[in-house]
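Only one structure is covered here, and it is reproduced in the block below.
Here, each number is a calculation from the coordinates, and none is a lab measurement. All figures in this text were calculated on a predicted structure; none of them were measured in a lab. Please note: Cβ atoms are built from the backbone with ideal geometry, for glycine as well, and neighbour counts cover all protein chains shown.
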Amino acid sequence: MIQQIERQFVRSSRPLYGHLVSLLESAISRGELPSGSRVPPERELAQRLRISRTTVVSAYRELESRGLLRGYVGRGTFVCAAPDPTGAPFAWRGKIAAAALRSSDSTLRDTIRHSSNAKLLSLAAGEPAIDCFPTEAFQQAINHVIANDGLAVWRHGPTEGQPALREAIAERFGLPAESVLVLAGAQQGLDLLARCLIDPGDAVIIDRPGYLGAIQSFNAAGAKLIGWDVVRADMDELEDLLVRYRPKLIYTNPTFQNPTCVTMPIRARRELLRLAERYRVPIVEDATYRELYFNDAPPPSLRELDAQNIVIYLNSFSKVLAPGLRLGWLSAAPSIVDQIAIIKQRLDPHTQNLGQLAMARFIRNGNFDAHLKTLRTEHARRCATMIASIQRHVPAGMIRFTRPQGGLYLWCRVPSAISTRDLRDRALAAGVAFVPGHAFYPDLAGESELRLCFSSVMPSAIDDAVRRLAGCLSRSMAPALRAAREAEASGSLRTGT
């Protein structure tokens, strides 16, 4: 790219620094100098352009003032933003911290936005059947809390969570109450764990494919993500990764995993714990989907099998009740809970009280477990409906998947000729949303995979959503089939057949 600027640079232009600013700004705007790329040192560029170093310094300072470059002592000068297309008078983008620039993937935000768009049939965000939400029972719990403990609702609460909810969780899940920290959703828990445990450069072993929110949280903390094939669950592979990278922690979602919906067998769970104990690596167990089995309950959790207190257990009510509740929790050694609470207080002094106290009553009066039974039946029905719709509308072999036994998703593979990123764009235009597979990988993979949430739309709408998606698949496949026919025809001509 700098060679092109050398060719375009005209030394008779005045002022010279302004001409250089214009060339560099254009290159940044076109993406030829992408964010994060290093520009040549001032002296080197001056020599290459045969101008004074002062001219280059002036140009770089002008671009820094516009928020396009940023200089670091001992490291050099880097592109930090593209020109603001709005023509804003102050270059805010250039003031963004380097750590924030590591978090540029908007997939999670887009997924949530699509789920709230009434014009879309969203198979994207992981949502339970919220039309089955027990609104009347939850309303009664809210009314009871306000009537009987209104002061606790409206005043500040403990950062660790309302004692009533911590105790209700402890009783329901068989934990010590002091090991429970209440969260504004499991995603907050991942962010807090990353802040608490990860230093920039630390290795983290993570499911591959794995939850995109975990990938984003650990990336934002500066972690080096090491993918472990969660479908194969090869313990020899895992041990090799532990020896090679000496990770700070292992993150896994072993039960109805997001996005694959696979469940780790009991033998693999025991072996995973054995390896973690041997190499002294803590495990973050994401149990968000654990309660959402269709028929047979899953094997014991890693937390239940853990004899060395090395498992941090993360769970959420958002996936089993409603995402709008923004209520989750984690369980860990009390010393870790205390440390995470100190971090949490800076970001969120306490999770809102009304939801906590209502949830505590909802659990204790049996409504939580009663609702789980309803969801298990309904989710199994919706999963079967989606599979039947795929078999009805999609040509055989166009979408491949394994039938899940719980969770919220179908993890699908399409022919390699189809990019699921392009397919997503076609589907959005047709009024259907899903998440393309690349978002679930810490590396460059997943281009022919996609995740469909079978529980997020009404059964009556599932068939329409799949029918639209099938049309998009056919249109995406057509160019590849045409190219294959042309290649075959060309080959026939060359061979004279």
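Brief remarks follow.
- Förster-model FRET efficiency, 25 Å R0, E178 and W154, C-beta, rounded to 0.05: 0.45
- Additional length obtainable on full extension of the chain from S419 to A388, 0.36 nm per residue less Cα span: 8.8 nm
- Over 28 Å between alpha carbons, listed pairs K119/K373; K248/K344; K119/K344: K119/K373; K119/K344
- Burial order of peptide ranges 383-394, 407-418 (average beta-carbon count within 10 Å, highest first): 407-418, 383-394
- From helices alone, the chain scores -15000 deg cm²/dmol at 222 nm; the rule is -39500 (n - 2.57) for each run of n ≥ 4 DSSP H residues, then divide by the residue total.
- Distance between the 7 Å Cα→Cβ label points at D240 and Q345: 4.7 nm.
- Matching label, Cα Rg over 2.2 N^0.38 Å computed from the structure shown, candidates (1) 1.66; (2) 1.14; (3) 1.01: (2)
- The angle between the Cα long axis of helix 186-197 and the longest principal axis of the Cα atoms of the chain comes to about 60 degrees, rounded to the nearest 10.
- Net charge of neighbours whose Cβ lies under 9 Å from the Cβ of L183, counting Lys and Arg as +1 and Asp and Glu as -1: +1
- Helix 16-29 and the long axis of the chain differ in direction by around 40°, with both axes built from C-alpha atoms.
- Take each peptide in 272-282, 215-225, count the other Cβ atoms within 10 Å of every residue, and average; sorted highest first, the result is 215-225, 272-282.
- Considering only the chain, percent of DSSP beta bridges that pair antiparallel, nearest 5: 55
- Extension gain, D296-Q47: 0.36 nm per intervening residue step, less the Cα-Cα distance, totals 82.5 nm.
- For the chain, the longest principal axis of the alpha carbon atoms and the long axis of helix 135-154 meet at an angle near 80°.
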